[in-house]
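Trainee: What follows is a structure written as structure tokens; I'll ask about it next.
The values are calculated or read from the model by the stated rules, or taken from the named source; none is laboratory data. All values reported here derive from a predicted model rather than from experimental measurement. With ideal geometry, Cβ positions are generated from the backbone for all residues, glycine too; neighbour counts draw on all protein chains shown. Side chains are part of the model used for accessible areas, which takes the heavy atoms of the whole protein and leaves out ligands, DNA and RNA. Shrake-Rupley method; radii C 1.70, N 1.55, O 1.52, S 1.80 Å.
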Amino acid sequence: LSGFNLQPTLISGFGDEVELGRIGEIKKSAAVVMRVRVHGTPTRGADIHWRGIALTTFDGRRWYTEHQEPIVSTPDNQGWYPAGEVPPQMSVDQIRNYRERARNYQFPMSRELNYAVLLEPMASDAIFVAGTRTRLRGSFSHGVDRAGRPMRGSYLSVDRTGSVVNPFHNYTRLLYEGQTSYRDFPPETLRKAPQEIPAEFRGLYLQLPSLDPRVAQLARSITARATTQYDRAMAIQYYLQTQFGYTLEQPNPSPDDPLAHFLFERKKGHCEYFATAMTVMLRTLDIPARYVTGFLPGEFNSVGSDYIVRASDAHSWVEVYFPDFGWITFDPTPPAAGAPESFFGRIAMYWDWVELTWNDWVINFDFIHQAAMAQNFQRASREWSDRAGNKLRRWQHWSVEMMLAAQARLSSAAFFVPFGLAAILVTVFALRGAAIRRYLAMRWGLHFSAKEKWTPQLATLHYEEMLRLLARRGLQKSPGQTPLEFAASLATPQLAGPVAEFTGLYQASRFGARPAESHAFSERLGRIRTLLRSPRSKYASTR
């Protein structure tokens, strides 16, 4: 294993409590946190926020989530852990009102994102996912009961914010896959969201500490012209993105009121301050919002077709609740300038691909890979079978069409077949007429002249037939040889004898006064034919 970085990269700051400034310290590290491979088109992962922990309560300096009973998520018979957020409870009247409002909505089609994550060791138990409507599969308990099944007793914890936690800790590398279902709601649809807020959300997502009065005044000033919750959220996001600067430097000394200092004095900071400012200002306007930590998509490695997510990609953003549509992501932090790709950066991508492949298929080869290989084989087999079936059906369809077309032509032209056959016979006789006549005459002489003396013509035809049989075995008679000289030139005694006898009968019938009986010709020609059916090499040599 020499040459591979197997030392754990312990990253903290993704627990149930985050103090302002903590994410900024993490972003100064270039350590690899995780690698992500998005199935299908890799560019679908370019805008993903890898969601870690959502926090609900702000005390002026830190975000945290008060104690709550988590939801235990256990795997199904295929190893999938449901990890979606539990929707708020709705009364019968609320359900009826929602159905009436839904008639005026334009819901986009639901889309699915499939991905695989190789997570480095972390000082946090957070499992990073794409969105809140997701399910996961992996060896979170660092063991398997049998191939394709997690270890007995394995489970995940999901809280009411949709945050997923691994109770078995992320102290070793974790390999897991996820499936997320989501919709991209257009602005005109979100603008139709009602103002009614679930009662259980008011105390949780509208909580505020004692604030500088200027914060609420600024929020009202920014959104003075906005008429919907969506437009108010967009106005605050745009204001923070355009009127403030980005920096990782921490204020020194630390101010007593970090939020007010950021908004009204320093006017620059990193993602924590932007996300906190937007969340708090939205809550002053009675719009439910929560603070979320996680990672940006990272750097796409075109060599391995995966995303390299580093500690420097740590990020905070905002989720805003829209009744009837759920939580929508907003990111008020100005985009940071990306570093240009260099030669050494390209080399680093190749090395990262080698390390990813080693970890993925050697160190972490487990039931996920077994299932993936089985699924790929099954998919390939099914595709091959489908293609073969489609080709067979197309060939059958074409054959039927050709037969029907031929039948239609034959029905419309009654004299087509006789004239066609006659044309074929005329052509054949024009090209091979002489050979055909000789062959027919020979066959006639063999079958209908068994008791008669052979005429010189029949003897000549059968002698030519013998020469044709010998020539097919490489025993060619030269024009200068007499029949007897050719018979004497054959090197094989078994063949030379019958050929010499047949030649004598031919000469007697062709030039002598006493023609031979037809059965004598037939007998010797049959013997020659039988001998020639033996291996060719046995009779290939001549003197």
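Trainee: Which order do you get for GLU485, GLU177 if you rank them by accessible area with a 1.4 Å probe, largest at the top? Working shown, then result.
Mentor: Numbers: GLU485 105, GLU177 30 Å².
Ranked from most to least accessible, the order is GLU485, GLU177.
Trainee: Packing-wise, with mean Cβ within 10 Å as the measure, how do 305-313, 50-58 rank, highest first? Don't skip to the end; give the middle numbers.
Mentor: Working: 305-313: 21.3, 50-58: 23.1.
My ranking of the peptides, most packed first, is 50-58, 305-313.
Trainee: Taking the Cβ of SER163 as the centre, find all other residues whose Cβ is under 14 Å away and add up their charges (Lys, Arg: +1; Asp, Glu: -1). Show your work: numbers first, answer last.
Mentor: Working: positive: ARG51, ARG133, ARG160, ARG290; negative: ASP16, GLU17, GLU66, GLU69, GLU85, ASP125, ASP159, GLU319.
Computed value for this residue: -4.
Trainee: Between ASP184 and GLN217, how high is the FRET efficiency from 1/(1 + (r/R0)^6) when r is the Cβ-Cβ distance and R₀ = 56 Å? Nearest 0.05. Each step should come with its number before you reach the end.
Mentor: Numbers: r = 34 Å, r/R0 = 0.61.
Rounded to the nearest 0.05, the efficiency is 0.95.
Trainee: Which GluC sites (Glu not before Pro) does segment 225-332 hold that lie in a coil by DSSP with at most 12 other beta carbons within 10 Å?
Mentor: Answer in residue order: GLU249.
Trainee: I would also like to ask the following. Please report the projected area of segment 130-253's Cα convex hull averaged over all directions, in nm².
Mentor: Working: hull surface 52.4 nm².
Projected area, direction-averaged: 13.1 nm².
Trainee: Can you list the aspartates and glutamates whose alpha carbon is less than 19 Å from that of LYS268, not counting same-chain residues fewer than 8 positions off?
Mentor: Qualifying aspartates and glutamates at Cα under 19 Å: GLU19, GLU25, ASP212, GLU249, ASP256, ASP257, ASP313, ASP331.
Trainee: Still on this model: Roughly how many Å is it from the Cα centre of segment 90-104 to that of segment 222-301, as a whole number?
Mentor: If you average the Cα positions of each part, the centres end up 33 Å apart.
Trainee: Mind checking segment 224-295 for trypsin sites (Lys or Arg not before Pro) that DSSP puts in a loop (not H, G, I, E or B) and that have at most 15 other Cβ atoms within 10 Å?
Mentor: Here the sparse-neighbourhood loop sites are ARG225, LYS267.
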